[in-house]
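Student: There's a structure below that I have some questions on.
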Amino acid sequence: MSSNPVVAVVGATGAVGREMLKILEQRNYPAREVIALASARSAGSRIEYKDGELTVQELTENSFKGVDLAIFSAGGAASEKFAPLAVQSGCVVVDNSSAWRMDPKVPLVVPEVNPDDLDQHQGIIANPNCSTIQMVVVLKPLHDVGKIKRVVVSTYQAVSGSGQKAVQELENQVKQLFSMQEATSNVYPYQIAFNCLPHIDAFLDNGYTKEEMKMVNETNKIMGDESIRVTATTVRVPVFYGHSESLNIQTETKITSEDARTILAQAPGVRVLDNPSEKIYPMPIIAAGQDETFVGRIREDQSTDNALNMWVVADNIRKGAALNTVQIAEFLLIKDLIRVP
Ligand code: A2P
């Protein structure tokens, strides 16, 4: 397209939508106009953007007239219904829900890993699952050197991954418990304050959760390599912002811990924080508000050959969602792909 795009943020009042607006502003995304869309509940409310405010409009079938690019973070049901309507009106969609991720016609993109998959887009581009994004940013440079055979991952995921209501729920529960009241749970099946829930998204017949299978299937799709075997345990922890992951990575050729540090120090979007003697390692309180994926505690697995353990932390709302989406929007602009083929 010859002029700067008109951009709609769908789900603009949510935890991720607000961050999308912030990042569009911070990175000076050259939008001709930005439109904030949410449900009828929020229509008319105002959100700060640049030097002024945006008035939130209700998302309807007619919302995409004259819009070139829509970035969605309003849940799977809204994406399923409205993303195809947006594409029909000539608008390219970058969708943060899981609705389209495994559709073979839809590129699933992490710009540091597979930006060229954007070239084949047919209107919808999917933003991967938050835990998957921070994992593949670290896996890709190691895969390029040693070819990854297997990954065992356990996650420690912040409540902000479940949206603004979950952030509120953890805050309320902490207050309730300190006031000797019973904790009320609406978002999660059990109290999340001072607890851990080995349950993210629905359970499937194979005993895994949907979140765990997202990490398996999305990793293969993004890395473009079905031979990488991934197994995951995903756990919700009482942290507000920042997902952590323990990774065990087995490679075909040996990568020493020293080599891994060197490779990762040069990898785009990665910051190595790994000096145990000085108590330097990644933590959610360091990653929150930052753009990089932090990696530390890199060490060789002593129980088997050619395997590494490491600890990976990123801001799930930024790199895990809003930032990755805006980075995709930037690549679409650079590659002149803001058009429906
Ligand atoms: P609203 O605030 O009007 O409910 P979060 O993930 O933090 O819960 O945010 C979800 C975002 O998606 C919010 O902006 C919410 O708007 C929006 N949303 C949810 N369902 C719909 C829908 N059916 N149509 C439009 N926006 C929706």
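Student: Among the residues of segment 192-249, write down those that are in a helix (DSSP H, G or I) and of a type in the set (Asp, Glu).
Tutor: As a first pass, look at segment 192-249 and keep what is in a helix (DSSP H, G or I): 210-223.
Glu211, Glu212, Glu218 - these are the residues of segment 192-249 that are in a helix (DSSP H, G or I) and of a type in the set (Asp, Glu).
Student: If I ask for residues that are more than 19 Å from Ala321 (Cα to Cα), in contact (Cβ under 8 Å) with a residue 40 or more places away in the chain and either of a type in the set (Asp, Glu) or not in a loop (DSSP other than H, G, I, E, B) (or both), which ones from segment 114-125 would you list?
Tutor: Asp119
Student: Another question, then. Output the residue which, of all residues in segment 57-69 that are in a loop (DSSP other than H, G, I, E, B) and in contact with a Cys (Cβ under 8 Å, 6 or more places away or on another chain), is nearest to the ligand (Cβ to nearest atom). Talk me through it step by step, then tell me what you get.
Tutor: Applying the first criterion (in a loop (DSSP other than H, G, I, E, B)) to segment 57-69 yields 59-68.
With the extra rule that they be in contact with a Cys (Cβ under 8 Å, 6 or more places away or on another chain), the set shrinks to 64, 67-68.
Values: Phe64: 13, Val67: 15, Asp68: 20 Å.
Among residues in segment 57-69 that are in a loop (DSSP other than H, G, I, E, B) and in contact with a Cys (Cβ under 8 Å, 6 or more places away or on another chain), the one nearest to the ligand (Cβ to nearest atom) is Phe64.
Student: OK, next. State whether one or more residues within segment 255-264 are surrounded by fewer than 16 Cβ atoms within 10 Å (Cβ to Cβ) and touching a residue at least 60 places away in the same chain (Cβ under 8 Å).
Tutor: The answer is yes, given that some residue of segment 255-264 is surrounded by fewer than 16 Cβ atoms within 10 Å (Cβ to Cβ) and touching a residue at least 60 places away in the same chain (Cβ under 8 Å).
Student: Sticking with this structure for a sec: Suppose we keep only residues that are within 11 Å of the ligand (Cβ to nearest atom) and not aliphatic (A, V, I, L, M) within segment 145-176. Which one would you say is farthest from Ser97 (Cα to Cα)?
Tutor: Gln168
Student: If Ala183 satisfies every condition in (1) free of Cβ contacts under 8 Å to residues at least 24 places away in the same chain; (2) aliphatic (A, V, I, L, M); (3) not in a loop (DSSP other than H, G, I, E, B) but one, which is the exception?
Tutor: (3)
Student: May I pose another question? Return yes or no: is Met135 part of a loop (DSSP other than H, G, I, E, B) and of a type outside the set (Asp, Glu)? Write out each step before concluding.
Tutor: Values: part of a loop (DSSP other than H, G, I, E, B): no; of a type outside the set (Asp, Glu): yes.
Answer is no for this residue.
Student: Residues of segment 70-113 being part of a loop (DSSP other than H, G, I, E, B), surrounded by fewer than 19 Cβ atoms within 10 Å (Cβ to Cβ) and within 16 Å of the ligand (Cβ to nearest atom), which ones?
Tutor: Within segment 70-113, Gly75 is the sole residue that qualifies.
Student: Exactly one condition in (1) over 16 Å from the mean Cα position of the chain (by Cα); (2) of a type in the set (A, V, I, L, M); (3) away from the ligand (no atom under 16 Å from the Cβ) is not met by Leu54; state its number.
Tutor: Here Leu54 meets the rest and fails (3).
Student: While we're looking at this one, here's another question. Here is a list: Gly11, Gly44. Which entry is within 9 Å of the ligand (Cβ to nearest atom), on the phi > 0 side of the Ramachandran plot and either acidic (Asp, Glu) or at pLDDT 95 or above (or both)? Give the derivation first.
Tutor: Values: Gly44 fails: within 9 Å of the ligand (Cβ to nearest atom).
Gly11 is the lone residue from the list that is within 9 Å of the ligand (Cβ to nearest atom), on the phi > 0 side of the Ramachandran plot and either acidic (Asp, Glu) or at pLDDT 95 or above (or both).
Student: If you scan segment 14-24, which residues turn out to be closer than 12 Å to Ala70 by Cβ and near the ligand (Cβ under 6 Å from one of its atoms)? Before you say what the answer is, go through the steps one by one.
Tutor: Step one: of segment 14-24, the residues closer than 12 Å to Ala70 by Cβ are 17, 20.
Within segment 14-24, just Gly17 meets the criteria.
Student: For a quick check of your reading of the model, give me the residue pairs whose first member lies in segment 126-148 and is closer than 30 Å to Phe72 by Cα, whose second is among the aromatic types (Phe, Trp, Tyr) and modelled with pLDDT of 95 or more, with beta-carbon atoms closer than 6 Å and at least 6 apart or on different chains.
Tutor: Between residues of segment 126-148 that are closer than 30 Å to Phe72 by Cα and residues that are among the aromatic types (Phe, Trp, Tyr) and modelled with pLDDT of 95 or more, the close pairs are Ala126/Trp100.
Student: Does segment 306-341 hold any residues that are among the β-branched types (Val, Ile, Thr) and part of a loop (DSSP other than H, G, I, E, B), and which are they?
Tutor: Narrowing segment 306-341 to residues among the β-branched types (Val, Ile, Thr): 312-313, 317, 325-326, 328, 334, 338, 340.
Listed by number, the residues that qualify are Ile317, Ile338, Val340.
Student: Looking for whichever is surrounded by 18 or more Cβ atoms within 10 Å (Cβ to Cβ), closer than 27 Å to Pro107 by Cα and of a type in the set (Lys, Arg) here; the options are Lys210, Lys214. Which one fits? Write out each step before concluding.
Tutor: Numbers: Lys210 fails: surrounded by 18 or more Cβ atoms within 10 Å (Cβ to Cβ).
When all the criteria are applied, what remains is Lys214.
Student: Identify the single condition in (1) surrounded by 18 or more Cβ atoms within 10 Å (Cβ to Cβ); (2) free of Cβ contacts under 8 Å to residues at least 40 places away in the same chain; (3) within 16 Å of the ligand (Cβ to nearest atom) that Ile192 does not satisfy, given that it satisfies every other one.
Tutor: (2)
Student: Which one is nearest to the ligand (Cβ to nearest atom) among residues in segment 25-41 that are touching a residue at least 60 places away in the same chain (Cβ under 8 Å) and under 22 Å from Lys65 (Cα atoms)? Spell out how you get there, then give the answer.
Tutor: Step one: list which residues in segment 25-41 are touching a residue at least 60 places away in the same chain (Cβ under 8 Å), which gives 27, 29-30.
Those left that are additionally under 22 Å from Lys65 (Cα atoms): 29-30.
Details: Tyr29: 19, Pro30: 24 Å.
Ranking the qualifying residues of segment 25-41, first place goes to Tyr29.
The values are calculated or read from the model by the stated rules, or taken from the named source; none is laboratory data. Not measured: the values here are computed from a predicted model. Positions of Cβ are generated from backbone atoms using ideal geometry, with glycine treated the same way; all protein chains shown enter the neighbour counts.
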